1. Go through region 102-119 residue by residue and tally those that are touching a residue at least 12 places away in the same chain (Cβ under 8 Å) and charged (D, E, K, R).
2. Restrict the check to region 75-85 and report whether at least one residue is in contact with a Pro (Cβ under 7 Å, 6 or more places away or on another chain) and small (Gly, Ala, Ser).
3. Does region 29-43 hold any residues that are loosely packed, with under 11 Cβ neighbours inside 10 Å and either in the same structural domain as residue 109 (by TED's automatic domain parsing) or not in a helix (DSSP H, G or I) (or both), and which are they?
4. Specify the residue that is farthest from the chain's Cα centre (by Cα); the eligible residues are those in region 45-60 that are closer than 15 Å to residue 91 by Cα and among the β-branched types (Val, Ile, Thr).
5. Can you pull out every residue in region 64-83 that is in a helix (DSSP H, G or I) and either touching an Asp or Glu at 6+ places or on another chain (Cβ under 8 Å) or surrounded by 13 or more Cβ atoms within 10 Å (Cβ to Cβ) (or both)?
Amino acid sequence: MLDELDFGLIAQLQENARKPVTQLAKELKRPTATVRERLSRLEDSGVIQGYTAVIDTAKIGFLIKALVNVSTSGQAVDPDEFLHGLGQIPEVASADLLTGDFEAVVTVHVRDIEHLSRILYKDLREVPEVTGTTTSIVLLARQWKFPR
């Protein structure tokens, strides 16, 4: 069970995962050894799965973010195989399997509409069992840290 210190540490790391443990301890008003031990425990238990850089995709030329709802043949798909197929497309940032009308929602980052068309009409159609897509272009996005 996580406590207030764990949640505080998670929040601090989500703001800046490069903060030294000494600075984290100072901001959380806890001893450095305590914060170091909690950090290790959160990593060892899998709560913290890793550290990564957050990229502004527009600054590297991928100006459009789209959410693609993917339909399949209606047959039960092998989740690992299906996700592996989606993961072979470099522009796919994430894929979530769903309940409901669509098998998955896929987030893609592309340079322009022509690039998006290639993903929709060529690349996604090569993934086994994909029969259709419904696409929305993201106009504005906000991301919040969890938990807040």
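The values are calculated or read from the model by the stated rules, or taken from the named source; none is laboratory data. Predicted model only: the values in this text are computed from it and were never measured. When we count neighbours, we look across all protein chains shown, and the Cβ atoms used for this are built from the backbone with ideal geometry, even at glycine.
1. Residues meeting the conditions: 3.
2. Checked against the condition, which is being in contact with a Pro (Cβ under 7 Å, 6 or more places away or on another chain) and small (Gly, Ala, Ser), region 75-85 yields at least one hit.
3. Of the residues in region 29-43, the ones loosely packed, with under 11 Cβ neighbours inside 10 Å are 29, 31, 33.
Once the filter is applied, which keeps residues that are loosely packed, with under 11 Cβ neighbours inside 10 Å and either in the same structural domain as residue 109 (by TED's automatic domain parsing) or not in a helix (DSSP H, G or I) (or both), region 29-43 yields 29, 31.
4. 60
5. 82, 83
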